[in-house]
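Okay, structure first, notes after.
Nothing in this text is a laboratory measurement; each read-out follows from the coordinates by a stated rule. Everything numeric in this text was worked out from a predicted model, so none of it was measured. Note: ideal-geometry Cβ built from the backbone for every residue, glycine included; neighbour counts use all protein chains shown.
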Amino acid sequence: MEHRQSWKSSVVYQIYPRSFMDSNGDGIGDIQGIISKLDYLKDLGINTLWLSPVYQSPNDDNGYDISNYLDIHPDFGTMNDMDQLIFEAKQRGIKIIMDLVINHTSDEHPWFIQSKDKKSPYRDYYIWKDKPNNWTSFFSGSAWDQIGDSYYLHLFSKKQPDLNWNNPKVMEEIKDIMRFWLDKGIYGFRCDVINIIYKSSLEDGKRRLVLVGREFYHSQEGCHQILKTLRKDVLSKYDCMTVGETVLVNTAQANDLILPEREELDMVFGFEHMETDQINNKWFKTRFKPQKFMKVIAKWQEEVYWNANYLENHDQPRSITRFGNDQKYHEVSAKMLATLLLTLKGTPYIFEGQEIGMTNADIKRLEDYRDIETHRIVALAKKLHFPQFYIRHMLKTASRDNARQPMQWKKEGGFTTGIPWLKMNENMSFINVEDNLKNTDSILRHYQQLISLRQNHDVLIDGSFKPLYMKHNVFIFERKLNETSWITVSNLSGNKKRIPKNIKGSILLSNMHRTSLSNPVLMPYESILIDKEKTL
Ligand code: ISL
Ligand code: CA
C-alpha cells in the first residue's frame, strides 16, 4: 500500500486554553489544567491536540496578538509547563500542534515597538504608508492607524499590525520561530489566516461592503511562494503537519494550497459550509439550510484532495445550536452531527465541549461579552441605529463568545475554583462531562465509539467518498475501500423522513438504538452508520 501520511489518521481536538481547565483558581484556563485532563482526552480517543495561542500576548484578541513567540503567557504557565505538556501528551500517544499567527504580531511585540522609529532596522518588518488607502479591517472600520505622521496596516485590530512579507528578514525570523517549536517536539501548526499574509499592492481596493482591498491580499501568488519556502526550508525536515486557516477560499484555491505536488500545506479549513445559515455575513443569521449544507460538504469532499473537517471552533457558534436542535433533540442531534463529522473523508477536528453537546452562550448583558470582535460590532450596530433587540439577536447567534464559555466539567462547573474569566453557561447543571462519563449512552460515549471505529477501520480513513442521496434534508453517503462499503445516513431535520429502499446492510452505529433497517421511518435527527456488505 502507498505510504499514508500520519496526519490522515489524526483525530484532532482543539483546546481554547483560556476556557479549558483552570488549575490555580485565577479563573483562566492554563497548561497545568490541560495536563490534568490528558487522561480524559486519551480515553476519548483523540491522538492530536491543537492549542489556540499560549504565547505571550497583551490579549487584545485573546492571544492572537503575540508579543513574544518564544515564551508562554504567565496566565497559562511557564515554558517548563509547556515542556511538561509536550512530554506528558507524548506518553499518552498524543501529538500537539500549535497556532502559528504570522499575518500580524501584537503592537507590543519588540519588533513593532522599534518599527515606530523610521530609522530602525525593524521599520520594514511592518507595512507603513504616509497616507492610508481605503482598505477595511476584518473587525470593521479602516485597516489603518496613525502613529506620528505615518500609518500602519492592520487587517484585524489596531493592536495587530500586519507583518511585511516582502521583507526577507521577516521570513528568516518566522523560520527560526517554527524551528524553535518543532525542535521542542511539537507536531506542527495551525496557520492563522494564512492565505492573506502577502499583500501584492497597497492600492485602493474595489468599493464593497466588507473587506475592501481583499483583491490585493487574498490568495496571492506571493503567498504560495512563502509557503513553499517555509515547507522546503523548515517543515520538510520534520515529521509534522500543517493546517491552514484560509478565509474565503473556494475548492480550487484550497487545492492550490494543499495538493502534494504543490509542497505548501497539508490541509486547510474552508468556510463555505459555515455560510449555510447566513446571508452575506455571519452577523446576519437566517434559518439553517440543510440542503445547501450537504451540497457544500459533498462538493468539498469530492473536489478537495484532503479535507480538514470541522463543525466548530473558537470563532464559530456551537454546532448543535446552529445545525441541530439544542432543546428538544439535544442528545440525538449532537450524536447525528458527530456521526457525520467523524465519517467524512479527511481529518476531523473536534472543538472542546462539542463532545458533550455544549450549546451557544446564555450571556444576557452586553457588558458580559468579552470578545473584541463582538464589541466592535456592537459599536458599529449602535452607530447605524440597529434596534437593541436586533443587536442582542446578532450576538446570541454569532458572537465568538458562544464557543468560548468555559468547559463544563461538572454540574457546578468544575472549570475553576475562582471566578471564570467569561461567565459559565447555566446549562452546565445538565450538560457536563461528569454526567456524560457516568452514562454509557451519552454524547461523549458516542464520540468515543466513532473515534474508535475510525482508528480501527481504514475505510473511514482511506475509503473513497460518494454521495448517494441528498434530498428532503437527508444526507446519505458512502465510504468505500476495496470490498468494504460503509454508509452514513443523517436526517438533518426535525421531521420524520423515509430511508430510501435501496439502502441496505447491518447497523454499525445508531443514535437511537436502532438494530435493523426494517422500519424505514427515519426519526428527527436520526443517524445511522451502516455496513453495506453484511446484510442481516
Ligand atoms: O471570526 C471570524 C468569523 O467568525 C473571522 O472573521 C475570523 O476573524 C477569521 O476567520 C480569522 O480568524 C483567525 O484570526 C483572527 C483571530 O481573531 C481568530 O480568533 C482566528 O481564528 C486574527 O488573528
Ligand atoms: Ca489559571
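Values for this structure:
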item: Cleavage-rule hits (trypsin sites (Lys or Arg not before Pro)) in region 37-144: DSSP loop, at most 15 neighbouring Cβ within 10 angstrom; result: R92, K118, K119
item: Coil-residue trypsin sites (Lys or Arg not before Pro) of region 195-257, DSSP, other Cβ within 10 Å capped at 15; result: K206, R207, R208
item: Cα-based Rg / Dmax (Å) for region 374-464; result: 19.3, 56
item: Largest-first principal axis extents, alpha carbons of region 69-207, Å; result: 54, 33, 29
item: Residue-averaged 222 nm ellipticity for the chain, from DSSP H runs of 4+ at -39500 (n - 2.57), nearest 500; result: -8000 deg cm²/dmol
item: Between region 70-84 and region 5-28, the Cα center-to-center distance that results, in Å; result: 14 Å
item: Reciprocal of mean inverse Cα separation for region 305-389 (Kirkwood radius, Å); result: 14.9 Å
item: Inter-part distance where region 487-526 and region 109-141 are each reduced to a Cα centre, Å; result: 56 Å
item: Net dipole in debye of region 167-244 [+1 Lys, Arg Cβ; -1 Asp, Glu Cβ; about Cα centre; nearest 20]; result: 160 debye
item: Region 399-536, Rg to Rh (Cα coordinates; Rh as Kirkwood inverse mean 1/r); result: 1.07
item: Two-site FRET efficiency, K383 against D204, from Cβ-Cβ distance with R₀ of 25 Å, rounded to 0.05; result: 0.60
item: Point-charge dipole on Cβ atoms (K/R +1, D/E -1) for the chain, about Cα centre, debye to 20; result: 2140 debye
item: DSSP H segments from the chain that extend 24 Å or more along their own axis, Cα-based, with Kyte-Doolittle mean of -1.0 or above; result: none
item: Semi-axes of the equivalent ellipsoid for the chain, Cα gyration tensor, largest first, Å; result: 37, 25, 24
item: Out-of-range pairs (alpha-carbon distance over 20 Å; input K295/K501; K131/K199; K90/K175); result: K295/K501; K90/K175
item: Cubic angstrom per residue, convex hull over Cα atoms of region 223-344; result: 125 Å³
item: Qualifying GluC sites (Glu not before Pro) in region 373-480, DSSP loop, other Cβ atoms within 10 Å at most 14; result: E412
item: Distance histogram for region 329-488 (every C-alpha pair counted, 10 angstrom bins, percent rounded to whole numbers); result: 10, 29, 27, 22, 11, 2, 0
